[in-house]
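Enquirer: Attaching a single structure in structure tokens format; questions to follow.
The values are calculated or read from the model by the stated rules, or taken from the named source; none is laboratory data. These numbers were taken from a predicted model, which means no experiment stands behind them. Methodologically, a virtual Cβ is constructed for each residue, glycine included, from the backbone with ideal geometry; neighbour enumeration extends over all protein chains shown. In case anyone asks, the SASA skips ligands and DNA or RNA and just uses the protein heavy atoms, side chains included. Shrake-Rupley method; radii C 1.70, N 1.55, O 1.52, S 1.80 Å.
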Amino acid sequence: MPRKKKPVIEYRHYSLPIHFPVLLLSGDRWRISDIKSEHLHFHNHLEIGICYSDSGIMEIKGEAVPFKAGDVTFLPRYLPHTTYSSPDTASLWSYLFFSPEELFQHSFKSAYSSFEPNLWRVLGKNCILNKEQYPKVYSLATSVVEELKQQKPYYQESAYGLLLSLYIELLRIHSTNETLAEQETEHSMKGYFAISPALEYITKNYMTPITIDFLADSCHLSTTHFRRKFHEIMGTAPLDFLSSTRIEEACKQLKSTDDSILSISEQVGFRSISSFNRCFSRLMGESPKQWRKGAQSEAQSAKASILEFTGWV
């Protein structure tokens with residue numbers, strides 16, 4: 001009897017612009033095929049999508065949820081999903097990627113952890129918001145996109161205000177749906193979500209010493225099971241993912257500050273400059289000094305990439 005095929009999940013890494021950390025993906029190239037992908041994917045930032053035409057299906061957390069023109073999608077980071085259009089169509093989308101913690105850290109008085117959506121409590125059907133039911137969400141989302149496209153004077157300030165209003169509206173909707181989700185399902189953090197606490201902890205505490213045992217305990221798994229489950233989902237070992245997160249943060253600082261490479265290596269959690277240099281060169285293909293020289297000449301750029309370490313499951 002053939003073995004059951006494991007789900008294939010891809011980690012798509014998005015680098016945000018430095019001075020206004022919001023990435024817009026828009027235009028005719030963002031038409032979604034009617035061919036269903038063989039794998040799910042997730043991102044390192046929150047994704048907001050706007051569907052402008054046609055219809056189709058989004059698979060979120062194992063749920064097949066229909067979408068149509070006028071829908072806005074709200075997908076927290078690390079939430080596996082895939083999208084495909086109805087037969088013989090290619091739905092048109094715009095996407096916004098950003099880190100609420102980074103973007104709104106000075107706007108919220110409460111601790112960020114108190115309002116960040118819990119992945120294992122998010123129902124797939126609550127990630128797609130219809131224009132008729134949530135006109136305010138659609139209006140705010142499309143306004144943000146237009147501001148970023150047109151780039152008129154003060155567009156960043158305008159986009160920031162609109163995006164903050166949009167995010168608050170989404171949080172309000174989520175807080176209501178979260179109660180319903182708890183009533184409808186008991187997510188015992190199976191499958192991909194078994195490691196969600198570890199991913200969240202690494203994201204927020206990458207600069208501190210972190211052990212495998214601690215991460216496993218945060219997921220209520222044995223160390224052996226945690227290692228196996230993490231690699232099965234992420235395609236890499238937990239400590240390799242930790243290293244990549246530290247390197248990602250180091251890249252931000254190399255581009256946006258004049259801090260020494262030694263100082264940056266310490267700030268992101270490396271205990272020695274030699275281990276930082278080795279890890280950086282392995283992941284980025286060149287030394288921190290070389291990378292910084294090239295990155296500073298295009299400091300405003302943003303790109304999407306699939307990190308090499310993730311591979312296929």
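Enquirer: Need the full-extension length gain, H39 to Y155, defined as separation in residues times 0.36 nm minus the C-alpha distance. One decimal, nm.
Expert: Working: separation 116, 0.36 × 116 = 41.76 nm, distance 3.66 nm.
Additional length available on full extension: 38.1 nm.
Enquirer: So how exposed is Y160, as accessible area in Å² (1.4 Å probe, rounded to 10)?
Expert: Here the accessible area works out near 60 Å².
Enquirer: Give me a comma-separated list of calculated 3J(HN,Hα) values for the stretch 15-27, in order, Karplus coefficients 6.51, -1.76, 1.60 applied at θ = phi - 60°, integers in Hz, x for any Gly or Pro.
Expert: Karplus-based 3J(HN,Hα) across the stretch 15-27 equals 9, 8, x, 6, 7, 9, x, 10, 9, 9, 10, 8, x Hz.
Enquirer: Arranged from highest to lowest average of other beta-carbon atoms within 10 Å per residue, in what order do the peptides 71-79, 95-103 appear?
Expert: Details: 71-79: 23.2, 95-103: 19.4.
Ranked by mean Cβ neighbours within 10 Å, highest first: 71-79, 95-103.
Enquirer: Something else: Kindly flag which residue pairs out of K204/K289; K61/K125; K152/K252; K152/K255; K149/K255 have an alpha-carbon separation exceeding 21 Å in this structure.
Expert: Pairs exceeding the cut-off: K204/K289; K152/K252; K152/K255; K149/K255.
Enquirer: To the nearest 0.05, how large is the calculated FRET efficiency for T257 and D213 if R₀ is 45 Å and r is the Cβ-Cβ distance?
Expert: Details: r = 33 Å, r/R0 = 0.74.
So, using R0 = 45 Å, E works out to roughly 0.85.
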